[in-house]
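Taking it in order: structure first as structure tokens, then the write-up.
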Amino acid sequence: MEEKIAVAAAGNSPEALFSRHFATATHFLIYDTVRGVLEAVENKALELPVGRGVAAAKMLIEKGVKAVVAELIGPRPFEMLREAGVKVYPGPQIKVQEILEAIRANRVSPPLEAPTEVCHAGKHGGCSE
């Protein structure tokens with residue numbers, strides 16, 4: 001596997017949840033497989049009104065990352081990473097069967113009390129707020 005691997009995360013520690021969205025991950029946890037060192041890097045691109053994915057890709061390329069783990073990534077950051085020789089791997093996949101087993105074993109998390117995403121004007125439509 002590659003030397004430095006960045007994982008999109010919703011926090012700055014290994015206990016953080018995996019962030020499915022590359023551009024809106026709050027952090028990238030960069031694991032150096034050679035040295036065995038984990039570095040948490042804040043995704044400053046979140047502050048940008050547009051171009052978050054491109055800015056995040058640029059930052060990771062500058063950090064010498066050779067692989068990224070993220071499920072949802074736009075075409076521009078994907079091409080930037082690929083052109084820089086950075087491989088993009090999908091995030092963990094879970095089967096419905098595994099969810100059903102968790103339900104049967106009563107191992108599901110408590111119900112949500114609030115939305116899990118912020119409103120944005122991406123390709124899915126604008127916000128009505």
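When both bridge partners sit in the chain, DSSP labels roughly 65% of those beta bridges antiparallel. Taking the inverse of the mean reciprocal distance over all distinct Cα pairs, the Kirkwood hydrodynamic radius of the stretch 41-99 comes to 12.4 Å.
Report the calculated FRET efficiency for Thr116 and Glu15 (r = Cβ-Cβ distance, R0 = 22 Å), to the nearest 0.05. Working from the Cβ atoms, E equals 0.80.
Secondary-structure-derived ellipticity at 222 nm for the chain, considering helices only, amounts to -6500 deg cm²/dmol, per-run term -39500 (n - 2.57) for DSSP H runs with n ≥ 4. For the chain, the Kirkwood hydrodynamic radius comes to 16.0 Å, computed from all pairs of different C-alpha atoms.
Projecting label points 7 angstrom from Cα along Cα→Cβ for Leu72 and Ser109 puts them 1.5 nm apart. Sequence-distant contacts, meaning Cα pairs under 8 Å at least 6 residues apart, place the relative contact order of the stretch 4-93 at 28 percent. Over 26 Å between Cα atoms, which of Lys4/Lys58; Lys44/Lys66; Lys66/Lys95; Lys63/Lys95 qualify? Too far apart for the 26 Å limit: Lys66/Lys95; Lys63/Lys95.
Bear in mind that the values in this text are calculations on the coordinates, not laboratory data. Every value quoted in this text rests on a predicted model; they were computed, and no experiment measured them. Neighbour counts run over all protein chains shown; Cβ positions are idealised from the backbone, glycine included.
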